[in-house]
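S.K.: Just dropping this structure here.
Only the coordinates and a few stated rules stand behind these numbers; no lab work does. Computed from a predicted structure; not experimentally measured. All Cβ positions, glycine included, derive from the backbone under ideal geometry; neighbour counts span all protein chains shown.
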Amino acid sequence: MTRASAMSHPTQQTTAGKIRSNARSAFWRRVSVAPETLAAVLNGRARKGKAKKNKRETAMEKRERGNAGTEGRADVKSEVARAVIAAMEVGSAPWQRPWSQRCMKPINPTTGNAYRGVNRVLLAIAAAGRSSGEFMTYRQAAERGWQVRAGERGSMIVKVVEIGGGEARSEHEREEAKSQKEQGLTPRALRRYFVFNRDQIDGMPPLDPQPEFPAFDPIMRAEAVVQALTEKTGLSVREGGSAACYIPSRDEMILPARSAFQTAHDWHATQLHEAAHSTLHERRLNRTAALGKRWGDAAYAMEELRAEICSAILAAETGVPMSQRNIEAHAAYLRDWVKVIANEPMAIFSAAKDAEVMAEYLLKLEHGLRAERREAGWVAEYDAALSRSR
């Protein structure tokens, strides 16, 4: 979390399991959700009984009602938002699971391309309980002689496509295309596509066995991320605080003593979360405008969401699992996350996109530091060899 001129640690703790989903049953018929997520939500509804209708419509509900006469479905942004909210409300979003680092690296094995942005988030949710993070379209599987099993449901991903005059699929798309044309922009629309996990497909070659030990030390990799921030950008890191936080006004990361953490992984996972916040500073990505776009709790909650998604990406890349302590500490933001995304579905798109940029920046710094150290090692070896030859 950030503190002083930004955010302070929430004092009230809540758990994701206490918050029930208010998404309508029609949503579940349209969007594929990880099985355990769906079961948990439905079981929660069964115990609670029929909920009273909220008199205040969210932005998603207004759009869904407005599109009811066209295709009978919510617009794509709202479907994505509902899928993410449903996962958060039962605690199965990737940044709420300390064991989810493999899930946060979804890839298409037919193209070798990694899924990014909000698609990374959607497929990380869908990969829960799966043996791998490999996803592909039905056609891509069929072209290689593989067969999606009958009855399997695809997982939604999204893509922005250009649309011509008669290619709009709904009144919502037509209105957006018209507005874009009036602004002199090329009309584009957000379209849904469906992909299937390796576990849903027959005929695929077996996965290569995973090495017993990683090719690198996760703790050293995580340390290098923070060391790169301090050496390359001047970030100040101080141990001994009562809570972990980043203070933008002082460009300082404060962490509790290492003895306060149960494991070394917890310590480093907390460091990575605060490192994500440090990209706010003008010396780095200069993201201070991101806080200025919102006010109060919503601004702070969304910054925490960016940092949480970024932390999950860093956990996947470094091999250091997310800290359960950190996850529990940020559970109090859950209500704000749900509220913001429900009223502004594009918030999850922008948070996921920002988190990708933040993670790329931090990993690039770390990669550069490692390269410099390797080069310095070679130079030292050369100098030593040269001196021996004299």
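S.K.: Sequence-distant or interchain residues sharing an amide H contact under 5 Å with residue 188, placed H: which?
M.R.: Residues meeting the criterion, in which the H sits 1.01 Å from N, are 163.
S.K.: Provide 171, 176 in ascending order of the number of other Cβ atoms located within 10 Å of each residue's Cβ, fewest first.
M.R.: Ascending number of Cβ neighbours within 10 Å: 171, 176.
S.K.: A further question follows. Calculate one ³J(HN,Hα) per residue across region 145-153 by plugging θ = phi - 60° into the Karplus curve 6.51 cos²θ - 1.76 cosθ + 1.60, and present them in order as whole Hz with x for glycine and proline.
M.R.: x, 9, 10, 5, 5, 4, x, 6, 9
S.K.: Using θ = phi - 60° and the Karplus form 6.51 cos²θ - 1.76 cosθ + 1.60, what ³J(HN,Hα) does each residue of region 170-187 get, whole Hz, x for Gly and Pro?
M.R.: Calculated HN-Hα couplings, in order: 8, 4, 4, 5, 5, 5, 5, 4, 4, 5, 5, 4, 4, 8, x, 9, 6, x Hz.
S.K.: May I ask you to sort 387, 155, 170 by Cβ crowding, counting other Cβ atoms within 10 Å and putting the fewest first?
M.R.: Ranking 387, 155, 170 by Cβ neighbours within 10 Å, fewest first, gives 387, 170, 155.
S.K.: Name the residues whose placed amide hydrogens come within less than 5 Å of the amide hydrogen of residue 116, ignoring near sequence neighbours (fewer than 5 apart) on the same chain.
M.R.: Under 5 Å from the amide H of residue 116: no residue qualifies.
S.K.: Then there is this: Within 10 Å of each residue's Cβ, count the other Cβ atoms and sort 353, 77, 159 from fewest upward.
M.R.: Ranking 353, 77, 159 by Cβ neighbours within 10 Å, fewest first, gives 159, 353, 77.
S.K.: A further question on this structure: Along region 237-253, what does the Karplus equation 6.51 cos²θ - 1.76 cosθ + 1.60 (θ = phi - 60°) give for ³J(HN,Hα), rounded to whole Hz, x for Gly and Pro?
M.R.: 10, 10, 9, x, x, 7, 8, 7, 6, 10, 10, x, 4, 10, 6, 10, 9
S.K.: Using only the Cα atoms of region 123-184, what semi-axes does the equivalent ellipsoid have when each is the square root of 5 times a gyration tensor eigenvalue? Give whole Å, largest first.
M.R.: 34, 15, 11
S.K.: Here is a further query. Given a cut-off of under 8 Å on Cα pairs at least six residues apart, what relative contact order in percent is computed for region 213-317?
M.R.: 21 percent
S.K.: What size of dipole, in debye to the nearest 20, comes out for region 147-208 about its Cα centre when the only charges are +1 on Lys and Arg C-beta atoms and -1 on Asp and Glu C-beta atoms?
M.R.: 60 debye
S.K.: While we're on this one: What percentages, rounded to whole numbers, describe P(r) for region 303-360 computed over all alpha carbon pairs with 5 Å bin width beginning at zero?
M.R.: 4, 19, 26, 24, 19, 7, 1
S.K.: Using the Cα centre of region 322-372 as the reference point, and only Cβ charges (+1 on K/R, -1 on D/E), how large is the resulting charge dipole? Debye, rounded to the nearest 20.
M.R.: My answer is approximately 140 debye.
S.K.: Hey, another quick one. Among 280, 259, 330, whose Cα sits farthest toward the positive end of the charge dipole of region 184-336 (+1 at Cβ of Lys/Arg, -1 at Cβ of Asp/Glu, about the Cα centre)?
M.R.: Comparing the listed Cα positions along the dipole, 280 ranks first.
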